[in-house]
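The values are calculated or read from the model by the stated rules, or taken from the named source; none is laboratory data. All figures in this text were calculated on a predicted structure; none of them were measured in a lab. A quick note on method: Cβ atoms are made from the backbone with ideal geometry, for glycine too, and the neighbour counts reach across all protein chains shown. Note: areas computed on protein heavy atoms with side chains; ligands, DNA, RNA excluded. Shrake-Rupley method; radii C 1.70, N 1.55, O 1.52, S 1.80 Å.
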Amino acid sequence: MFLNRNRTFWLLFAVIVTIAFPYLLISFLEGTSTGYNHLSGVDVRTSRKFRNVIVHIDLKGAPPRVEYLQQVFELLSRQHVDGVLIEYEDMFPYSGEIENITRMLHYSEADVRRIIYAAEINGLEVIPLIQSFGHLEFVLKSPAFMHLSEDTIDYNTICISDKKSIEIVQQMILQIRKLHPNSTRIHIGADEAYHVGEDHRCRNRMTEERIEKSQLKMNHIAQIGKFAKNAGFKTVFAWNDMFDKESEIAIRRAKIHEYIVPVIWGYREDVTEPGYFPDGLFDRIANIFDGFYVASAFKGADGQRQQFSNISRYLEVQRSYVKLMDLHQNAGEMVQGIFVTGWSRFNHFNALCELLPVAIPSLIVDLFYLNYQFSATRSWEEMKKLLSCRTNKHKGGLMDLYDCQFPGSDAFEIVMNDWKQIVDRRIQGRHDSPQDNVIAVLEKLKKSLQPILYQADIDEIYNQYLHDYHAIRIGTTVES
Ligand SMILES: *[C@@H]1O[C@H](CO)[C@@H](O)[C@H](O)[C@H]1NC(C)=O
Ligand SMILES: *[C@@H]1O[C@H](CO)[C@@H](O)[C@H](O)[C@H]1NC(C)=O
Ligand SMILES: *[C@@H]1O[C@H](CO)[C@@H](O)[C@H](O)[C@H]1NC(C)=O
């Protein structure tokens, strides 16, 4: 009896070991080659290079419906994302004097609360982003505020020497604060202010206060940072490019470091390329600030009218940021996190770039890389597993993903497979697809976008894609 039981035990044991051994070996090898194994329950939030990973949701074009955001948040949560940076632009329900900077089809206050709640139950922090300097096109195009533009043609930069401008920015911050009472962090933008100090109001002020343009700029960023802190936000982020060439002394004099945590952004495939960031930037950052963030991209940085998602291209950006931090070790030890940005337009007046559902696989690949520093092949494999995608290799070595299961996967497949084929045929100057097919695919796309976007935005996509299709000069590449 005893002997028998023992025999059965050893037999079972042998069978199990034989079956399990290859799996154990593979997972051991993978574990050692990446430093840690995601299956073993190691907390990537403490082991990954960029501890804090925040995904940017840009609402300045094709803003998702709340129901779609809820689904995306679930996916982000499963990928150990810490928070979402929500760039509201004209989707926020501003009221009072600034009610007209909000677009017609915008989120209601109840929608914003639903978004915040969806983030909360998925363990995601909400960091609102409002522009406070450049990229205020959506404010300055309004007849009531046009006179606050530095430039009379390009409504990019708000005149920071007009009291009214400051009041408007402050109102935006206060209204954002009111609907985000639990948020501890805010981002005040402040990138690409193209027309500082051109208008007479700024020039007079510079003469009166005997300050240079660089001081004028930095004083403004510090002033808004201080205001946001007093409004209740503990941390205030701002983009780097309006002060990143200034000396340490100048930055300290403006007190930028007292109010701001800088976010170094750049979306080139290889951000380590010499000259891409200003000389000595990372030393200055390390000397002046207590910490900083970097910002890569998973969409919206590959051409102003880009429709198709190039996963490899964006993965390269993430990889080069890890390399960059290794190259600048002092700063590399101080980096607190990464914003993975997803731009919808280059600016308010521009066409649309890659749509959010079309860029989900790209985002997931990037997150696998950022969490585990997997190889490119492994990051793709994990994405395919997570999103249940199958692949189809073309002769040209390109890869189609199909049969995926994720929020918006049918829109993804229509754009990346059906529509791309039609566009490629025209670019290559082969027989044009019959007009009926062109329209049929776009109609199918429209339908797939119904649960994700608002009707007016779906119409914009339809018109833009049709226009761009006809704009392709046969046998050439698409102009961007
Ligand atoms: C907003 O625009 C509407 C319609 O043009 C106008 O009636 C209203 O007075 C404007 N609101 C403000 C605060 O300027
Ligand atoms: C803020 O947090 C508290 C405590 O977790 C919660 O009860 C409340 O609903 C939150 N408020 C908002 C607007 O999210
Ligand atoms: C995608 O990006 C890679 C660089 O990572 C580039 O070599 C390739 O040409 C791009 N593909 C397309 C279709 O643009």
Query raised in the report: Do we find a residue being under 18 Å from the mean Cα position of the chain (by Cα), away from ligand 3 (no atom under 16 Å from the Cβ) and modelled with pLDDT of 95 or more anywhere in the range 93-114?
Result: no
Query raised in the report: Only one of Phe298, Phe282 is of a type outside the set (Lys, Arg), within 16 Å of ligand 3 (Cβ to nearest atom) and not in a loop (DSSP other than H, G, I, E, B); which?
Result: Phe298
Report task. For the range 226-241, indicate whether the set of residues that are among the hydrophobic types (A, V, I, L, M, F, W, C), loosely packed, with under 15 Cβ neighbours inside 10 Å and farther than 27 Å from Asp154 by Cβ is non-empty. Result -> no
Query raised in the report: Ala62 is checked against (1) in a loop (DSSP other than H, G, I, E, B); (2) open to solvent by 10 Å² or more (accessible area, probe 1.4 Å); (3) on the phi < 0 side of the Ramachandran plot and fails just one. What number does that condition carry?
Result: (3)
**Report entry** the range 366-383 - residue that is aliphatic (A, V, I, L, M) and more than 11 Å from Ile338 (Cβ to Cβ) and, of those, farthest from the chain's Cα centre (by Cα)
**Finding:** Ala376
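Rundown of residues vs (1) of a type in the set (S, T, N, Q); (2) surrounded by fewer than 17 Cβ atoms within 10 Å (Cβ to Cβ), yes/no style:
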position: Val415; (1), (2): no, no
position: Arg426; (1), (2): no, no
position: Gly429; (1), (2): no, yes
position: Asp432; (1), (2): no, yes
position: Gln450; (1), (2): yes, yes
Query raised in the report: Among (1) exposed (fewer than 14 other Cβ atoms within 10 Å of the Cβ); (2) modelled with pLDDT of 95 or more, which single condition is Glu479 missing?
Result: (2)
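A quick yes/no check of all residues on (1) within 16 Å of ligand 2 (Cβ to nearest atom); (2) assigned by TED's automatic domain parsing to the domain that holds Cys353; (3) over 26 Å from Ile158 (Cα atoms):
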| position | (1), (2), (3) |
| --- | --- |
| Gly61 | no, yes, no |
| Gln71 | no, yes, yes |
| Leu76 | no, yes, yes |
| Leu85 | no, yes, no |
| Ala110 | yes, yes, yes |
| Ile115 | yes, yes, yes |
Requested in this report: Report, by residue number, each residue of the range 251-265 that is touching a residue at least 40 places away in the same chain (Cβ under 8 Å) and surrounded by fewer than 23 Cβ atoms within 10 Å (Cβ to Cβ).
Outcome: Val261, Trp265
Query - Flag if Gly303 is assigned by TED's automatic domain parsing to the domain that holds Asp241, within 16 Å of ligand 3 (Cβ to nearest atom) and on the phi > 0 side of the Ramachandran plot - result: yes
Report summary line: Those residues of the range 96-146 which are hydrophobic (A, V, I, L, M, F, W, C), within 12 Å of ligand 1 (Cβ to nearest atom) and either assigned to a loop (DSSP other than H, G, I, E, B) or touching a Leu at 6+ places or on another chain (Cβ under 7 Å) (or both) amount to Met104, Ala144, Phe145
Query raised in the report: For the range 68-95, what are the residues that are of a type in the set (Gly, Ala, Ser) and assigned to a loop (DSSP other than H, G, I, E, B)?
Result: Ser95
Report summary line: Scanning the range 196-218 for residues that are in a loop (DSSP other than H, G, I, E, B) and open to solvent by less than 30 Å² (accessible area, probe 1.4 Å) gives Val196, Gly197, Asp199, Ile211
Requested in this report: Could you please give the count of residues in the range 174-195 that are surrounded by 20 or more Cβ atoms within 10 Å (Cβ to Cβ), hydrophobic (A, V, I, L, M, F, W, C) and not in a loop (DSSP other than H, G, I, E, B)?
Outcome: 2
Report task. Name the single residue, out of those in the range 159-173 being more than 24 Å from the chain's Cα centre (by Cα) and hydrophobic (A, V, I, L, M, F, W, C), that is farthest from ligand 1 (Cβ to nearest atom). Result -> Ile160
Report summary line: Restricted to the range 320-339 and to residues being farther than 16 Å from Ser47 by Cα and in contact with a helix residue (DSSP H, G or I) (Cβ under 7 Å, 6 or more places away or on another chain), the residue most open to solvent (accessible area, probe 1.4 Å) is Asn330
